Amino acid sequence: MASQKVYIDPLTRIEGHLSIEMDVQDGKVVDAKCRGDMYRGYESILQGRNPVDAQQIVMRICGVCPVSHGQASSRCLDDAFGIKPTKNGRILRNLILGSNFLQSHILHFYHLAALDFVDITAILKYKGSDDALLRLKDWVNNEIKVKKGRVDEISTAGPFLPRYEGENFYIKDLDTNIDAIAGYVKALEIREKTHRMVALFGGRAPHPIAMVPGGVTTEITSARVKEFKKYLKEVEKFINETYINHVIAVAKAFPEYFKLGKYDNFLSYGVFDKDEDRKSFMFEQGVITAGKLEKFDSSKIREQIKYARYKSGSNLHPLKGETVADPEKSGAYSWVKAPRYDDKPMEVGVLARTLVAYLSGNKDVKAEVDSLLKVFNAELPAANSVLGRHAARALESKLIAKAIHKWLDDLDSDEKTRNSYVIPESGEGEGLIEAPRGALGHWIVVKDHKIANYQAIVPTTWFCSPRDDKGVRGPVEQALIGTPVSDPKNPIEAARVVRSFDPCLACAIHVVEGDKEIGKFRLI
Ligand code: NFE
């Protein structure tokens, strides 16, 4: 049978603008293209500016992970200025970043991905008295007219409907659905607390101003620590008693997703520094290819652009990188470049962090992963999957919340929170960190005290990359191969695979051409 083109355009409930083109044959994906439909351009904005401005400007790349961009940039400037953070500065960076990880993981599961599995229309059968759930019931009721048990008419545009409709697409059990929907509502409140945690030490959220080269400007006061602990307690309870259980409920309802969305290569830069030299991390640094863990070497990073809408050099290390837009480039199909490590595409993100930590012998990660695998009577290869990514986010949240207690205890209010710096006449810097979505790198070249070059390779660039110079697919493109598509008009299976990576195209790209009609979309 000839293959059929199936498009998801745009893929909603992600950050930013992504479309997927698939060839489906005999009910399965046989080829896929991942298109980033916008241009970012921050690299050009930064040229010629004061290097210290970079750290504040790059946070505007994204509203979900500004902390990661701010910290990658701070590290990049630390490196270029030849300084390190103080101990308090390092711990405060961990506290701010850790709080943002919790925010981001809870956002991704409940508010972006869960509605691929949970039946939001089940709320119409809610008989309880919780005010928030009753309001949600009214809301969903306004969005649809339900006739004969199926959605016949959509009365307003979203956010919950329309959605992909099909037999067995959603959890059937009413109590499980209602409980997960209650989790969705509670998660909104919990995310507010995590934003407050970011703001307490970062100065504000979502774009915390207190992160600077050399550390963090915030004063450590007992009132701040006390308030932070109050929020942490609520957030941690939610993670341990609600979030993890909902991931398990989804996995029990859709166990076939332990077999879908697999990938081969994994990269983690390591995160949550244990020392000021950036030599040891709570989640280790490393690369996995063919199941084997290797040491990471940042000189092996390149960006390739054969199929990306950029001109000039390909296969450049980011310190020599160029970002010159070429919107009409022949053969190009994405605004996302193709980063490669040692010439290989890499999955980055929570699964990469978890597997690198597991294979590095991280006892805490191993204990959590093994105990969850036991619930499903599964072995480690099952973790490399759609459900593995969701579960890894929940387990990582649990471990971060636990670690935050220790970081708070390690703060010393009598010591400095930052070191001072002098902007050098010239220099180079590299700032590597893990954002919630994975390996994030910023690179700077300083000349005449100004930014001569600035390049960022963000997590979504790694996993939503198009084909590289040799035509090798990016991780999401490859992970889609073999995914069943039971109804080409409602390709929910493919959407679940892509969403499990937690793409953020807002990070990867930013400006869309506005002079032509892109298409007519049915928003799902
Ligand atoms: Ni816009 Fe981000 C994260 C970064 S993803 S969310 O996490 O860096 O490309």
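Read-outs: derived from the displayed coordinates by stated rules, not from any lab. The structure displayed is predicted, hence computed values, not measured ones. When we count neighbours, we look across all protein chains shown, and the Cβ atoms used for this are built from the backbone with ideal geometry, even at glycine.
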Residues 73, 334, 280 in order from fewest to most other beta-carbon atoms within 10 Å are 280, 334, 73
Dipole magnitude (debye, nearest 20) for segment 183-240, charges at Cβ of Lys, Arg, Asp, Glu:
160
Here the relative contact order (percent) of segment 260-378, from C-alpha pairs under 8 Å and at least 6 apart, is 27
Once a ≥ b ≥ c are taken as the square roots of the eigenvalues of the Cα gyration tensor of segment 315-444, is the result rounded (a/c under 1.5), prolate (a/b larger than b/c) or oblate (a/b not larger than b/c)?
oblate
Residue 138-residue 425 FRET efficiency (beta carbon distance; Förster radius 45 Å; 0.05 resolution)
0.10
Determine, for 301, 492, the number of other Cβ atoms within 10 Å of each Cβ, and report the residues in order from fewest to most.
492, 301
Dividing the Cα convex hull volume of segment 109-258 by residue count, how many Å³ per residue is that?
156
The exposure ranking of 299, 19, fewest beta-carbon neighbours within 10 Å first, is 299, 19
Per DSSP helix of 4 or more residues, -39500 (n - 2.57); summed, then divided by the residues of the chain. What does that give at 222 nm, rounded to the nearest 500?
-11500 deg cm²/dmol
Tell me the Kirkwood hydrodynamic radius of segment 229-348 in angstroms, computed as one over the mean inverse distance between distinct C-alpha pairs.
18.1
For a label point 7 Å from the Cα of residue 52 along Cα→C-beta, name the residues of segment 211-235 whose backbone N is under 19 Å from it.
211-219
In whole Å, what are the Cα extents of the chain along the three principal axes, biggest one first?
72, 57, 45
Name the residues whose placed amide hydrogens come within less than 5 Å of the amide hydrogen of residue 39, ignoring near sequence neighbours (fewer than 5 apart) on the same chain.
510, 511, 512
Got a sec to turn the phi values of segment 460-467 into Karplus ³J(HN,Hα) couplings, 6.51 cos²θ - 1.76 cosθ + 1.60 with θ = phi - 60°, whole Hz, x for Gly and Pro?
5, 4, 5, 8, 9, 5, x, 4
Summarise the long-distance tail of P(r) for segment 380-511 by giving the % of C-alpha pairs beyond 23 Å.
57
Under 19 Å between C-alpha atoms, the lysine pairs in segment 356-491 lying 8 or more places apart or on different chains count 10
Placing +1 on the Cβ of each Lys and Arg and -1 on the Cβ of each Asp and Glu in the chain, which of 161, 308, 488 has its Cα farthest towards the positive end of the resulting dipole?
161
With at most 12 other Cβ atoms within 10 Å, longest stretch of the chain clear of loop GluC sites (Glu not before Pro) (DSSP):
1-166
What percent does the relative contact order of segment 170-273 come to when contacts are Cα pairs within less than 8 Å and at least six residues apart?
24
Segment 488-503 - phi-based ³J(HN,Hα) in whole Hz, Karplus 6.51/-1.76/1.60, Gly and Pro as x:
x, 7, 9, x, 5, 4, 5, 4, 5, 4, 5, 5, 4, 6, 6, x
Please identify every one of the trypsin sites (Lys or Arg not before Pro) in segment 12-102 that sits in a loop by DSSP and has no more than 14 other beta carbons within 10 Å of its own beta carbon.
49
Spelling out what I want: for every residue of segment 333-348, take phi, set θ = phi - 60°, compute 6.51 cos²θ - 1.76 cosθ + 1.60 (Karplus), and round to whole Hz; glycine and proline get x.
9, 8, 8, 8, 6, 10, x, 9, 10, 6, 6, 10, x, 10, 7, 10
Normalising by the residue count of the chain, find the relative contact order in percent from Cα pairs under 8 Å and 6+ residues apart.
27
Apply the a/c threshold of 1.5 to the C-alpha gyration tensor of segment 327-393 and tell me whether it is rounded, prolate or oblate.
prolate
